[in-house]
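To start, the structure under review is shown below, and the notes come after it.
FYI, it's all coordinate maths here, none of it is from the lab. Everything quoted here is computed from the prediction, not taken from an experiment. Cβ sites come from the backbone with ideal geometry, for glycine too, and all protein chains shown count toward neighbours.
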C-alpha cells in the first residue's frame, strides 16, 4: 500500500518550471530516494510535500487523505516530519528544548492552562519529556541533551534535526540531504540510523541525497529527476546505469 | 562550584533549580518585602517605578525578546491600559476590575492589530509599530471623553480590600500592589516559557520555516505573543498612571516606546532577567547621574548641570557600548560573572566567544 502518492505535481517560479509533472508513490515502510543534479527540483518537491510551497498543478495524497489544500502547520500532525538541507534548528535553545518543540503538533494543553501551570500541564510536560527521551536514546544524543545548538558541531546538529523530526512521531520522514557535509564515519552512522528508522521504528523514509554509496546502501527504490522532470525509477544500481541519468549528470557523449 | 545531578524530569520542569536557587530568590523576596522599612519615601517611589517599568519591559520582552518581533510602539499599549483604567475608575469601577479591563483592552487591541502588522518583519515591522505609537498619541488627544484630551486625566485614589492606596499618602501600600502584580505576571510568563506555547514563541523567533514544518501555526503564535505582550504592557500602563497620578498624551510619547525597546536591549533580549535589569538602568541611571553631578559640583566645582542633555548623552553612550561589547545585554554580563564564580579557577577566556547572532527577523522564511 502506498503511504504517499504524488500525482502530476508542478510548480513554477516566474517562468521557471522547477517541478513539472512529477508523479511517484512511496510505499509504507520503504526508503525512497530522490536523486538528481543540482537544481533538479528535489528540495522543491520536499517543500511542496510539506506544504511550504503551493503547487500550480497536481495532487499530494498522504495516507489516503488529499493534503494539497492543507496549511503547512497541519502537515506535521498527520505524520509527516522533515529535516532541512541547511539545518534549521532553534539556535538559542538546548537540544532538549528543540526536541520538545518537535512535539508541538502533539501538544495537549492550551495557553491559558499553561499560564497557570495546572497539574494537567505538568503531567503533559512529563509525558512529552518521556517520549523525547526515547528519541534521545535512539540517536545517542544523551551527552548533548542540555547543550545549546549554537555550540554544537555540524555533524551533531544534523542528528539533532533528525531527532527533532522523530520526536513528532511521524509515519513519513523527509530527509533533505542527511549526509551532506558529514565525514565518512558520520555518513556511516547516518546509514545505520536510516536503516534503524526503517526496521525498528517502522518508518517510511523519503530522502534526497547525493552520496551514491549511502543511497545504494539504504534505498529500496530511487527516482532520478532532472530539470523538474522524472528521468528513471528503480533500484539504485538500475538508476545509476540508466543512460538518461548518466546524460543528465555528465552531459551527452561527444560524437566522434 | 556546585554540581547538581538531575534525577527526575521535574528537575527540568520546576521553576527553581534546586534549593540554593530557591534560597537566592527567597532572599530577594525578603529584601523586596523589607524595602519600605529600609528606604525613605523618595527611594521607595523610585523602586516602585523600577517595578512598573519592569512590568512594561516584560511585556515588550515577550514579543521582541522571545518571539523575535521588534516593536517600536509599545507605549501605545501603555496608553490604552492607562486610559482604560482611569476612565473606568472615574465611572465608578473598582480598581481591580478596572485593572483587569486594562489588560483585556490592550490585549484585544493587540490581537486585532497583530494579524496585519505581524505579516511584516524587520525594519518594516519597526516602522509600522512606530506609526501605531504616533496614531495612539493623536487619538489620546482627540478622544476627550475617555482621555481628557490635552489636559489628561487625574488618577482617583485606589481603594482595595477596605484600604486606601495612594502613591503619596501610603507609598508602601502602592509599592506592595505593584510588587504583587509584577510577581504574578512574572510567574505566568515563566509558566508559559516552560510549556508548549513558550517553546512555540522561541521556535518562531529562531526559524519560522521549521516552526511551521513542526506544526506551529506561526500566525497564531505571533498573535498570541503580541496580544499577551500588549496585555502585560497595558497593566504596566495602568500602574504607571497611578504612579504618575496624572496622565495625558505626553506621558506615552513615541520616545517612551523607544526607551522601552532600549530597556530590553540593555537588559538583554531573550531573557526574563533582562526586563528587570533594563528597568533598573532606565529608572536609576538619571538618578545616579544627578547624584554624581551634585557630588562633582560640591567637591570639584564642576557644574555638569550647566550642560543640558548630558544625561541623555550618557544614556546613549551606554547603549552604544552595550550593543558593541555585550549584545546579550546586562543579562549576558551577569551570566558571565555567575559562570566565572561557579567555575572559579577553571574559567577559560574563550568560553563566551561570540558567534554572529542578531534578531533573525530578516531571515528567509
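Some notes on this structure:
- Helix A:184-199 and the long axis of chain A differ in direction by around 80°, with both axes built from C-alpha atoms.
- Prolate/oblate/rounded label for the stretch A:1-76 (Cα gyration tensor, a/c 1.5): oblate
- Diagonalising the gyration tensor over the Cα atoms of chain B and scaling each eigenvalue by 5 before taking the square root yields semi-axes of 31, 28, 23 Å, largest first.
- Bridge type composition, chain A - antiparallel percent by DSSP, nearest 5: 55
- Remark: mean inter-chain Cβ contacts per residue of A:124-131 equal 3, using a 10 Å Cβ-Cβ cutoff to other protein chain atoms.
- Relative to the dominant Cα principal axis of chain A, helix A:154-167 is inclined by about 70°.
- Neighbour-count ranking [beta-carbon atoms within 10 angstrom, fewest first] of B:312, A:187: B:312, A:187
- Here the residues A:62, B:201, A:13, ranked from fewest to most Cβ neighbours within 10 Å of their Cβ, fall in the order A:13, A:62, B:201.
- This ranking places B:205, A:123, A:107 by how few other beta-carbon atoms lie within 10 Å of each, fewest first, which gives A:123, A:107, B:205.
- Per residue of B:187-194, other chain Cβ atoms within 10 Å of the residue Cβ number 4 on average.
- Distance between the stretch B:27-43 and the stretch B:120-182 - C-alpha centres, whole angstrom: 25
- Length-normalised contact order for chain B - Cα pairs under 8 Å, 6+ apart - percent: 29
- Within 10 Å of the Cβ of each residue in A:102-109, the mean number of Cβ atoms contributed by other protein chains is 5.
- Global geometry of the stretch B:47-88, whether rounded, prolate or oblate, following the gyration tensor of its Cα atoms and the 1.5 cut on a/c: oblate
- Each of the peptides B:14-27, B:69-82, A:124-137 was scored by the mean count of other Cβ atoms within 10 Å over its residues; in descending order, highest first, they stand as B:69-82, A:124-137, B:14-27.
- Degrees separating the helix A:119-138 axis from the principal Cα axis of chain A, which is the longest one: 40
- Rounded Å value of the spacing that divides the Cα centres of the stretch A:85-110 and the stretch B:323-338: 26
- Based on C-alpha pairs under 8 angstrom that are at least 6 apart in sequence, the stretch A:190-256 has a relative contact order of 20 percent.
- Considering only beta bridges that DSSP places wholly inside the protein assembly as shown, some 60 percent are antiparallel.
- Peptides B:241-254, B:167-180, ordered by how many other C-beta atoms sit within 10 Å of their residues on average, highest first, read B:241-254, B:167-180.
- Shape of the stretch B:57-146, Cα gyration tensor, a/c cut at 1.5: prolate
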